[in-house]
Structure formats: structure tokens, C-alpha cells
Amino acid sequence: MGVEIKDMTLDKPSVGSVSVRVYAGEEYGKGPPVVIYFRGGAFRQTGPGECAMAQCLAETGAIVVVPDYNVLGSVFPKPLEVGFSIFSYMAKKRAGFGDRKSLLLVGGEEAGGNIAAAVSLKARDQLANELDGQVLVSPLLDPLMGTQSFRKADETGMRSCWADGWSHYLSGGICHPYAAPSVCSRLSGIAPALLFSSEDDPLLDETMVYAERLKSAGVDVRPHVLPAGTGWPSVYGGKTQQVPSWDDNVKSQFANFIRDLGVQRNALKST
């Protein structure tokens, strides 16, 4: 499926104007899923830019909105405030994306996965039932960076980048559960989650630990680990010798997730 890409500005979120890049499958039907997707960049990425994962998800028929979530600054809580304001606005108005039948999800890779997880937590606390799902792609959740898989960070050239990114993001002097979801003690009641990582991903362990904690809290969670050699670290800018070949796997898992979310929502409406 072809994808139409356009840059635009959302003028009505509570934080003010936010630039977004929109990826829309050219053949999407009625009620396409809408995904607010936060790019990676070790918490410092600014402005719209290419996003391979947004392209991938849009090729399934979704509308993917990628905001400049650092428009107010890149130190916590500013990125979360921007992300949540966009979610709040789209939860009420959809901002012209999709229609009444459209599922609304948040997603993100690496640092963007952190923002998506935080928006999901805040949505549970302030806008219950407005968020249909979350897609966390190798989310950067643990500022301690002490997992066994993280030892591979040097191989992908990301260790110092992530260390500097965490130091910058938390430089406000606090470590709120919204800033580091891995330390959040209350995970029940948040939106169903689809999590992606790979066997050769330095962020594998923290992704899987979070998935297990969500499961233990009663959240509908689907962790999916791709095999090594798919070029997965390229999703967030890591070095890899492999040609990226992860997209078909991601499309299949995402399409199944969307289908099941739709079934669940219809079942709730009929009860």
C-alpha cells in the first residue's frame, strides 16, 4: 500500500501550535486506526523528520501522526506535556484524522517509546477509556541502564548517546514515574500494549521486563521479539551490519493487534 506523507501544524492543542508529519495509507478505509507516534532520538530529537516505523504502520492502512514533541523543550516534563496535549485534543476532536470509528493509539520508539508509555499512564489517570492501545518499540524506560542486554549498546554505538540523553531528560532533578515508567509501581488499568524488540537489541531486557510487569498488573500485553539479524537497531538510529528486514513482521503483528482491539471495543459496546 502506498503512503501519503505531508507536513502540517496542529494549532489547537493546549500547549499551542505543534508541527507534525502525517503518514496516511492511500487506500485506508472507513474508521482507520490513528496512531500518535513519537520518534526516537535519545530525548533530543526535534522537528519533523523521516520515520521508518511510521511509514511501516501507515502501510497497514493506519494514519500515523508524528509530532515535534520537543517543541517546548526536551527536559521532563515538557515533552510529556506536549504529547499528552496532542492526545487530549485528538481524543476529543480527532483533529480531522480518521472518524468516529477510528481507534486511537499512541506509540513510539526508543525515547519516543518512553513518551508513549508516559502518555498511556497519564491517560489512565486523567482520560480513562479514551486511549485504545499503545505500541512501544524498544522503549527507553530504565535510566539505570543496568540490564544484561544493555551491554550490547556499545556494539550499536548508542551507550553514550543514551547516557547523555537520560542525563539531559532528567536534569530537572526529579525521577517521576511518568519520566521513567520502569519505576512506576501502579500499572493496572492502562491501555492494551504491543511491544517490539529483537534478540540483538540492547533495549530487549527493559522492554521485556516492562511487558512482564504490565502482564502482572492485568494489562492486555503482547510482547514480540524479532530474531537477530533483521537490522532492528536501525529503527532508532543504531549501527547495524544487516539490511533492515523487520517491516513485514511488524506489519503483521500490528494488524492483528488492531483487529483484536476493534473486536474488544465492539464487544464492550454490545454489553
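Bear in mind that the values in this text are calculations on the coordinates, not laboratory data. Everything numeric here is computed off the predicted structure, so don't read it as measured data. Neighbour counts are summed over all protein chains in view; Cβ atoms, including those assigned to glycine, are modelled from backbone coordinates with ideal geometry.
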Starting from the Cα-Cα distance between Val209 and Met145, subtract it from 0.36 nm times their residue separation and give me the gain in nm to one decimal. 21.8 nm
When a/c reaches 1.5 or more, the comparison of a/b and b/c decides; with that in mind, is segment 162-203 rounded, prolate or oblate per its Cα gyration tensor? oblate
If r is the Cβ-Cβ distance from Thr46 to Cys175 and R0 is 35 Å, what FRET efficiency results, to the nearest 0.05? 0.90
Within segment 191-226, which GluC sites (Glu not before Pro) sit in a loop by DSSP and count at most 10 neighbouring Cβ atoms inside 10 Å? none
Which value at 222 nm does the chain reach when only helices count, each DSSP H run of 4 or more adding -39,500 (n - 2.57), with the total divided by all residues and rounded to the nearest 500 deg cm²/dmol? -10500 deg cm²/dmol
Could you give the size of the charge dipole of the chain about its Cα centre, using +1 on the Cβ of each K and R and -1 on the Cβ of each D and E, expressed in debye and rounded to the nearest 20? 920 debye
Trypsin sites (Lys or Arg not before Pro) lying in DSSP loop within segment 10-55, provided at most 10 other Cβ fall within 10 Å: Lys30
Given labels modelled 7 Å from the Cα in the Cβ direction, how far is it in nm from Arg159 to Asp11? 5.0 nm
Once a ≥ b ≥ c are taken as the square roots of the eigenvalues of the Cα gyration tensor of segment 5-148, is the result rounded (a/c under 1.5), prolate (a/b larger than b/c) or oblate (a/b not larger than b/c)? rounded
Which residues in segment 90-130 have a backbone N closer than 19 Å to a point placed 7 Å from the Cα of Arg186 along the Cα-to-Cβ line? 117-130
Provide the gained length on full extension for the span Asn129 to Glu4, in nm with one decimal, where the gain is 0.36 nm per separating residue minus the Cα-Cα distance. 42.0 nm
